Amino acid sequence: MYYKNINRMLENFTSKEFKDEVGMLSSVLKDLIKDKETTIIGARIWKLIPDNNAYKLIYQTGKIEKIEKNFILFFQDYPTFDKITEERVILGKETHPKLREKGIFKYAAAGLGKKISKDEHSYYEYIVACNSHVLDEEFRYSLSIIATFLTAKLNAMRSNLRDSTLKADLDKARDIQRSILPKHELQFHSYEIYGATIPAEILGGDFFDYLDIGDEGTKLGIALGDAASKGVSAAAEAMYISGALRMAMTFEIKISSLMKKLNLLINKIFGDDKFTSLFYGELSSEKSGLFLYSNAGHNPPVFIKSGTGDISFLNPTGPVLGPAPKQNYSVEAVNFELNDVLIIYSDGLVESANKDFEFFGEERLIEELKENSSETPKIIALKILESVIKFTNEGLYNDDKSIVVIKKIK
């Protein structure tokens, strides 16, 4: 499943009121099993009992034979718990005889909530274990997104901060965020570039940047990212990643290594309730028009050839940054020719909805691009943003909107 689809599904599942954390988690698991887009057939919630050096079964649902109520798994008998602490999401073979008797032979498991220290080790507050007919890396990746979302939901349920107490700090943070964004327009050798971002709230989780690489001005990095949450949390993550990118550019790190290191940093610094999609590419002063890029779970940018009008998409070359630390990111390439245009954008652009809950969508974005591809990047970007704003004038759903347009002009 595409991670944004999972995110929207979970937002729908958690839109109601819940009495407590376990009520929220159990409700989401039931809804996931019912949903036709998932392949989950059974799920269990285990809660950490630090004083007993164990996890206790507190909820189970699905078609798997039921385990004894309040069943206990002790740390010493179940080394898998240490592996979950290290990797967060795992695919495992069941070793406990009591669970194998229930027909559980393979499973996927993820840690939720904060980590609690115990005897020089640390363990997640909750573990969710799932069964499916298809337990592969894609399922593991989907579960990592689910775990990230649910951890964020747990944190939100525990937070009682009022917006009024944060207003002064928010104003300062907004000014800082604005100060680090680059100027909208830039000309780099044979290319014209224009970028803009419109936050949904005072602070936004979208960011874009233009990055000089090396000392000779022969390369330019272009990044556009989207922190999955909103407000202060997302803005902090966006500013951190933007700063990390700028620092990395002083070392001219290879793109694949850059993405891998960013993923590790986000996982380490922001914990288990944050993730970010990021598109990063590099232009050079060479006349070949080569554009190298890596896409970490971001909306595929749209590339249009001026000569033929052909459209192609720069699809993800790796997962979103954050949930799973041990990930690799490949590098792909396209070649710009004269008047070719590339649009990099955040999901808030295409997922903005009108009053009938209809998304603006990729098709309308492509129509706007085809209609205006002969214009300058600035006009292309502003016309697309204008169309999105008009389309969603009376809509209820609002998210950060960002766009960067690149055009080869000579």
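The values are calculated or read from the model by the stated rules, or taken from the named source; none is laboratory data. Predicted, not measured: the structure shown is a model, and the values here were computed from it. Methodologically, a virtual Cβ is constructed for each residue, glycine included, from the backbone with ideal geometry; neighbour enumeration extends over all protein chains shown.
A few remarks follow.
- Criterion (assigned to a loop (DSSP other than H, G, I, E, B), modelled with pLDDT under 75 and among the hydroxyl-bearing types (Ser, Thr, Tyr)) met by exactly one of 179, 164, 229: 229
- Residue 323 vs. criteria touching a residue at least 12 places away in the same chain (Cβ under 8 Å) and within 30 Å of residue 124 (Cα to Cα): yes
- Looking across the stretch 20-58, the residues that are part of a loop (DSSP other than H, G, I, E, B) and within 28 Å of residue 122 (Cβ to Cβ) come down to 20, 53.
- Of all residues making up the stretch 274-311, the number that are under 21 Å from residue 244 (Cβ atoms) and in a strand (DSSP E or B): 13
- Residue within the stretch 115-136 that is acidic (Asp, Glu), surrounded by fewer than 18 Cβ atoms within 10 Å (Cβ to Cβ), assigned by TED's automatic domain parsing to the domain that holds residue 30 and assigned to a helix (DSSP H, G or I) present: no
- Among (1) buried (at least 16 other Cβ atoms within 10 Å of the Cβ); (2) farther than 18 Å from residue 184 by Cβ; (3) without any contact (Cβ under 8 Å) to a residue 60 or more places away in the chain, the one test that residue 384 misses: (2)
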